Structure formats: structure tokens, C-alpha cells
Amino acid sequence: MTVVYALLGAGLFGCGVFMLLSRNMVRMLLGLSLLTTSVNVMIFQTGRFRSQLPPIIPEGSEQLVNSADPVPQALILTAIVIGFALTVILMALALRVHGSHESVVTSEVRSAESLGDPILPEKTT
Amino acid sequence: MITVPAGILAVAPVLIPLGGAALTVLARRRQPLQRGIMEVAVVAQLVASVLLLVTVASGGVAVVTLGGWGSPFGISFVADRLGALLCVTASVIAVAVALFARADIRRRRRKAGFDALFLAMLAAVNGAFLTGDIFNLYVWFELMLVCAVGLITLDRRRAQLDGAFRYTSMSMMGATFMLIGIGLLYGEAGTLDMAHLSQVMSGRPPSIALSASAFLLLSGFVLKAGLFPLFFWLPASYHTAPISVAAALAGLLTKVAFYACLRVFVLVFGVAGTMSPVNGMAPALAILAAGTMVVAVFAAIAQTDVRRLLAFHVMCQVAYLVLALALLSMLGIAAAVFYMVHTMLVQAGLFLGAGAIARANRGYDMRRAGGLMSDRPLFAGVFALLAFSISGIPPLSGFWSKFLVIDAAFRHGSTTGAVLAVIAIVVSFLTLYSMSKLWTQAFWKTPVRKGHAAKPIPATMVWSVAILAVSSLAIGLVPDALLSYSREAAVQLVPAAVAESLP
């Protein structure tokens, strides 16, 4: 089970990095959302695959015995929310860049780097 | 005097700006009110941070565990000497930026949400300084990023959108590395509380998982701090932001990433000691520091746009901090704390000064600027203090900071230490050259275009730059107070078991 999850995480991460290397902004943001997903898979494993019992102390006893680790699950929930929010922001930026530059290819979108550059000509409007 | 419980003070620097941000959103249709709320929140934050500093300096570490869960289980806020000092520094910068924004951030930018985003970013910065939980640190980093993106794209210009996309995508990548590192750390140590992690970690045998975790965290921090191989997003995005925003970003964000380095590597992994489970951190940090310094200072010399020039100096200054940390000695860590306060103040001040130069000269291009020394002598004097300070001329704070770092490097007693010290000295001279270039171009030279006298600079702009310049001068004239404080902060930061083995 651990190996399967490790391979799944690694595979998703690899796909994410591959897509991130693209010059197309839409591919980049899809790659980043794959990366965040793969990280969630990895964090899930840090709780180990021991048990499916919820972490609730049964009535009458004092100790939590043999339950699943709740912390990684809480971390993943937080990470999902943050990853989603950032992906949406990045999407909005990509949409705006498309609107203002009429391109989402980073080699054509150079207005930030040419602004005030000593060598490149400035082409801002 | 009214006494406030230390617990409330420890969360006040986060709660005040966060509450202020919510109020400014509610008041978004009434702009004077919105600005008023922002300014009141910023001043209240400064007062709360100073009270926190006083409490922490006299009464020791202030800890709050939210929700009443005990230390290793709950999420705690820990205000120690280092965190409190940096909160005060951040608040001083916030006051200066808010003052500068009176003249710089106009109707449209306020309508686009400057006040709310600025306050939320301050809350995130203070949260990162005060949190005691490593996952919580990641969350504050992300909040900072979201606010910074909103602030950079305030005018929705083409360059801003492009810069913000570069900034966001690279920062998300860095956050991903951090998150994997934190996940591995939890899987190995079973806790996220930094004080508890430090206890669990001391004396552990080195393992692949811990090394991977440490270096993944390092690469995340390196990316966010704008260090050598991963810095390209910084000079591609900071200069596109409105100048008040750029000043806040330059003064605060990269330093938060370095603060995280300090906290995580010194406290959690205990890399300064011989018993640390992670090897090879010192040479990695040394290479990062030396590489960043050399690349950044030469790139800065080549620039003609004031904002770009200063953006490269942001990187160069962070490299000095990393150099001090790479020594992994008590002196080095104390020097890093001292240097951080200096560089936050001066960096923000220089960016604000650049805004004033642009106001007077109608643009950021140094080649078209000139004549400010005769036309605006008061502002020229204030800016000269900052330019001298960043180059390390006595009696300003920059001199003491650089002196402490280089002194710690020579006292390290190793060849690496000596080589790093020599690089730091050479880079200081190149910084001086770069700053004197800025000075001769913008202040000394007669204006290129005849009949274009410098425009007046609003008084609020000069005052806000003066606040930061004078605090640099004050630190420089009375360095003892800050120096002894940062030594004690370093002692508090280094785990007791590690401190025994240190010189």
C-alpha cells in the first residue's frame, strides 16, 4: 500500500514538474495544481496506513488505541484549501494576462522584464 | 501603567491588522474612513508590538495555545525575543509605508483594496514571526503570497500582471517544497510544534528522511528569499508594483523567508550543534550566500532603473544574512539578528526614497534624472543616510551590521569563514560603488533636460523616508542596546543542548 501511494505521489509530481516546464501559462497552472495534489498524497502517507478507526477515545477508557492519525488529514484539508485558492488566483492572473497581452506564452509575455531593463527596449503601454 | 496579559499581547500584532483589514473591507465605499482605519490599525500594531517587546525582554517568552490544547497538540503562538523584535521592526516599516501611501496611493488604488491587502499582509508577516507551529508558518507564508499578489497588481498594468504571474507560480513551487518538507518532518518526528520538534530532534541519528526534509525546506525558503539559483522572479516582479507596495515587499517578505530559515534550521534541526541529525547544511548555506552576493551586486551595477537596482540589492542583503547563518556560531546568529533589523528598515527606506526620486524626476530612469541635491537638499540628505547605511559607512546601522557579520566570519577560525569574510568585504565595496552611481546620477548630476526642474516632493514622502533613515542612524549611534538584545535573542533561539557545544 505504501509503495503504491509513493509511486502515485511520485508520478503526479513528475507530471506536474513536466507541465510546469512548459512555456504556456495554462499548462503551468495545471502543472502547479497537480503538484499540490501530489504533495497531499505524500502528506497522507506520513500518517502511516495502520488503521481506519476514527481518533475518538471510546467511552470508559482513557487512552486512544489503534486509531488513524488525524493530524495529516487536517493538514491535507488545509493544504487543499490553500492550493485551490492559489490555483484560482493564478487562473485569474492568466486570464488577465491573456486579456492584456493576447498571449499566454511566457516567451511572448515579457512586459515585466523589459520594464526598466537597461538593454531590452521598453514596450509597455 | 495598564498591564496587558502577555498572552493577549502575543497575538495582538496579528489580530490588530487582521481586524483592521476586515473593517477596511466594510468601509470600502468611504475612502477617507478606509484610510483612517488603516492608519489607526498600523499605529495600534506598533504600540502592541512595542509592549510585547517590553514584556518579552523583561518577563521571558510569552506563549499562547489557542483552543486550550496543550503544547505539542495545539497550535501555539510563541513570542520570544527574536519574534518580538522583528514584529516591532515590521511595524515601524508599516508606519512609514502608511505615511508614504498618503501621497502615493490615490483613489483608484485605494478602491482596488490597498488598505485591506496591506493590513492582511502585515498580519501574515507578524503571524509568521510569532507562530510556534511549523505548519502554521507555511499557512502564513501563503497568506502573505496572496496579499502580495493583490498588492502587486493594484493598477492592473500589463507589466504588473506579467510580474505577478511569475511571482505567484514560483512562490507556489517554493511552497510545495516547503510542504513536502513539513510532511516528511511530521512523518519522522510525529509533531509540528517547533519547540517540541527541537526536543525530539536533538540526538537523533542522521536519516534520509530528515535530510530530505531539511533540504526541501531549505529550497522552499531559498526560493522565497530570492537566493542565488532561484532568484529570477524577484527582479522580474518587485519593480512592477506600486512603489509603496514594493517598499513593503522588499522590507518584509524576503526577510520572513530568512527568519523561517533561522527558526527552522537553528531551533528545529539544531544544525549549529554537533548532534544535529542533518549534515551538510553549513556548506550549502555558504555557497548560496556567496553566489547570491556576487551575482546580485554585479547585476545591480548594470541597472539603470532605480527600482531594479534596489531589487537586486534586496537579494544581496539577504545573502549577508545567510552568510551569517552559514557560520553556525553564536556570534553569527546574533549578527544575523542585528543585520535583519537593519536591512529591513534600510531596504524599505531606499524603495520609498526611490518613489520620492521618481516623483521629483517624473520617472525611475536614472539616466534622465538629476539635480536633486541642489533642488531638494533636505530629501537628498535623508536619502544619503540610507545609501551610506546600506553600503556600510559608520556611524550608521549598516556599518555595525556588516562589521558584526565579517567579524563573526573571521572569528570562525576556518578557511571557509575567511573566504566568506573576504567576499563580503569585496561585495560591500561594490555595493558602495552601485550606490554612489545612483547618487551621482539622481542627485549630483545636472538635469539632462534643460528647463525641467525637479518637481516638489510631498512632505509625507520625505517624512516617511526620514523615519527609516533616522532609525538606522539611531541604531548606528547607540548600537549597544540592539547588540546585547540580539545576543540574548540568539541565546534564546539556540537549543540549550546545542548551545553547550558552541564557542
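Quick look at the values:
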{"read-out": "B:PRO206 assigned to a helix (DSSP H, G or I), touching a residue at least 12 places away in the same chain (Cβ under 8 Å), surrounded by fewer than 24 Cβ atoms within 10 Å (Cβ to Cβ) and of a type outside the set (A, V, I, L, M)", "value": "no"}
{"read-out": "Unmet criterion (only one of (1) without any contact (Cβ under 8 Å) to a residue 24 or more places away in the chain; (2) within 14 Å of chain A (Cβ to nearest Cβ)) for B:LEU223", "value": "(1)"}
{"read-out": "In region B:125-159, residue nearest to B:ALA225 (Cα to Cα) [restricted to those that are of a type in the set (Gly, Ala, Ser) and facing another protein chain (nearest Cβ under 9 Å)]", "value": "B:GLY150"}
{"read-out": "Given (1) aliphatic (A, V, I, L, M); (2) surrounded by fewer than 19 Cβ atoms within 10 Å (Cβ to Cβ); (3) touching a residue at least 12 places away in the same chain (Cβ under 8 Å); (4) away from chain A (no Cβ under 13 Å), index of the condition B:ALA212 fails", "value": "(4)"}
{"read-out": "Residues of region A:65-107 that turn out to be farther than 30 Å from B:PHE73 by Cα and of a type in the set (Asp, Glu), as a count", "value": "1"}
{"read-out": "Region B:452-465, residues that are touching a Phe, Trp or Tyr at 6+ places or on another chain (Cβ under 9 Å) and assigned to a helix (DSSP H, G or I)", "value": "B:THR460, B:MET461, B:VAL462, B:TRP463, B:SER464, B:VAL465"}
{"read-out": "Residue identified as touching a Cys at 6+ places or on another chain (Cβ under 9 Å) and part of a helix (DSSP H, G or I) among A:GLY83, A:GLY99, A:GLY31", "value": "A:GLY31"}
{"read-out": "Qualifying residue in region A:59-66 (condition: touching a residue at least 12 places away in the same chain (Cβ under 8 Å), out of contact with any Pro (no Cβ under 7 Å at 6 or more places or on another chain) and surrounded by 15 or more Cβ atoms within 10 Å (Cβ to Cβ))", "value": "no"}
{"read-out": "Filtered residues of region B:33-64 (kept if in contact (Cβ under 8 Å) with a residue 12 or more places away in the chain and β-branched (Val, Ile, Thr))", "value": "B:ILE37, B:VAL40, B:VAL42, B:VAL43, B:VAL50, B:THR55, B:VAL56, B:VAL61, B:VAL63, B:VAL64"}
{"read-out": "Residue that is closer than 23 Å to A:ALA92 by Cα and not hydroxyl-bearing (Ser, Thr, Tyr), where the choices are A:LEU7, A:LEU12, A:LEU32", "value": "A:LEU32"}
{"read-out": "Residue match in region B:93-101 (condition: under 16 Å from B:ALA348 (Cβ atoms), of a type outside the set (Phe, Trp, Tyr) and either within 11 Å of chain A (Cβ to nearest Cβ) or surrounded by fewer than 24 Cβ atoms within 10 Å (Cβ to Cβ) (or both))", "value": "yes"}
{"read-out": "Any hit, region A:46-68, residues being within 7 Å of chain B (Cβ to nearest Cβ), within 26 Å of the chain's Cα centre (by Cα) and either under 30 Å from B:ARG307 (Cβ atoms) or in a helix (DSSP H, G or I) (or both)", "value": "yes"}
{"read-out": "Residue in region B:134-155 that is modelled with pLDDT under 90 and surrounded by fewer than 21 Cβ atoms within 10 Å (Cβ to Cβ) present", "value": "yes"}
{"read-out": "Residue in region B:367-374 that is under 19 Å from B:ALA300 (Cβ atoms), among the aliphatic types (A, V, I, L, M) and not in a helix (DSSP H, G or I) present", "value": "yes"}
{"read-out": "Answer residue from region A:1-21, given it is away from chain B (no Cβ under 11 Å) and surrounded by 14 or more Cβ atoms within 10 Å (Cβ to Cβ) and is nearest to A:GLU108 (Cα to Cα) among those", "value": "A:MET19"}
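The values are calculated or read from the model by the stated rules, or taken from the named source; none is laboratory data. From a predicted model like this one, the values you see are computed outputs, not experimental measurements. Cβ sites come from the backbone with ideal geometry, for glycine too, and all protein chains shown count toward neighbours.
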